[in-house]
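Bear in mind these aren't lab numbers, they're just calculated from the coordinates by the rules spelled out. Everything numeric here is computed off the predicted structure, so don't read it as measured data. With ideal geometry, Cβ positions are generated from the backbone for all residues, glycine too; neighbour counts draw on all protein chains shown.
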Amino acid sequence: MRALIFILVALVSSVARGQQGEAYMVVEAHSGKVLMANNSTVQRPIASLTKIATAVIAVDWADATGTDLSQVSAAVPASALAIGGANPLALQVGDRLTLRDALYSAMLGSDNIAAATVADHVGREILRARGKEGDGVAAFVVEMNELAKAIGLSKTRFANPHGLELPKQKAFSTAADVAKLSVYAMRKPGVTFITRQKERQISVTGADGNKRSYKIQNTNELIGEPNILGVKTGTTTAAGACVSVSVERDPLVREVNGEKKATPRRLIIVVLNNPDRFNRARGFIAPGWAKYDGWVAAGAPVEDRDSEILDVPNPR
């Protein structure tokens, strides 16, 4: 009887995910031109794509405070270990690693404990700068939601810095909002440098002072292919398999009033809830560029800006 209940619960969960279906958006980042989209405004979990916002907040904080992420080490708090799940660095409470290495593990290896460690350290520093004390992770998540508000992620709510669906933590976003977040994130060299790495050697210092080294592989299988710059993968039962991908192209050079002008070109491809996410994203590259080229050749017409252009402000 108990086994039957488990089967029924699994079936209900599977049906719910099936009704939710796949969502995607393909957008050219610099013009904001939406090239292809489906179910792109439907709210849903986004798993570890959440960590794109985590990286942005950490890099923004470092830029604002003049902090070198490679020179500041963070201690792993007990609250991070309590999250559970994969622990690729075999982290223990009190272990220390630089914020940059923690971001590498979070963004390349999708390490939830490393993401929580970054959030705890940066959140506490933000509170300290304001003359306050409290929960560093909670303060960090407030910043994530302030970022969402600032760049117009109107259908997004972050509940934690890693993207796991935990009890009493309701989080959601959309393919369109993830695309907008990805455009914003990839404008930051500090984020782009991290996400484009295929692998990275990082080190952890134990509470006993001994160092250990790990090689973190990027979970994004597209990294290493021509012109792929990132950005993040994510998978949970509720969200399904997800990926956000950044694809660069040589700038478009045109002569304007006797001067040569170079227009950067970059696709952002977001695929949510597709078990074949990498091939799906890869399959959008050629038609995405074809649609963009046709749009530019036609004079880049815009009839309905709200539906055709993804505006990404840069308030920070």
Original post:
Could you give the angle, 0 to 90 degrees to the nearest 10, between helix 277-297's Cα long axis and the longest principal axis of the Cα atoms of the chain?
Top reply: 30 degrees
Original post:
How far, in degrees from 0 to 90, does helix 99-108 lean away from the longest principal axis of the Cα atoms of the chain, to the nearest 10?
Top reply: 60 degrees
Subject >> For peptides 60-69, 127-136, sequence by mean Cβ density within 10 Å, most packed first >> reply: 60-69, 127-136
Subject >> Alpha-carbon Rg/Rh ratio, for region 62-116, with Rh computed the Kirkwood way >> reply: 0.98
**OP:** Using only Cα atoms, locate the centre of region 28-46 and the centre of region 227-299, then give the distance between them in Å, rounded to an integer.
**Re:** 11 Å
Original post:
Which order, highest average first, do 267-280, 173-186 follow once you tally other Cβ atoms within 10 Å for each residue and take the mean per peptide?
Top reply: 173-186, 267-280
Subject >> Descending semi-axes in Å of region 38-177, equivalent ellipsoid built from Cα gyration tensor >> reply: 23, 18, 14
**OP:** Taking the chain as the reference, fit the longest principal axis to its C-alpha atoms, fit the long axis of helix 2-20 to the helix C-alpha atoms, and give the angle between the two in degrees, 0 to 90, nearest 10.
**Re:** 30 degrees
Original post:
So what is the orientation-averaged projected area of region 21-308, using the convex hull of its C-alpha atoms, in nm²?
Top reply: 16.2 nm²
Original post:
Which residue, chosen from 76, 173, 201, occupies the Cα position most advanced towards the positive end of the dipole of the chain, where the dipole is computed from +1 (Lys, Arg) and -1 (Asp, Glu) charges on Cβ about the Cα centre?
Top reply: 76
Subject >> the chain: relative contact order in percent, alpha carbon pairs under 8 Å with at least 6 residues between >> reply: 23 percent
**OP:** Please state, as a whole number in µm²/s, the translational diffusion coefficient that the Stokes-Einstein equation yields for region 266-311 at 4 °C and 1.567 mPa s, with Rh defined as the Kirkwood radius across alpha carbon pairs.
**Re:** 106 µm²/s
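Given the peptides 106-112, 246-252, arrange them by the average over their residues of other C-beta atoms within 10 Å, most packed first.
Most protected by this proxy first, the peptides run 106-112, 246-252.
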Original post:
Hey, got the Cα dimensions of region 117-185 along the principal axes, in Å, largest first?
Top reply: 36, 27, 17
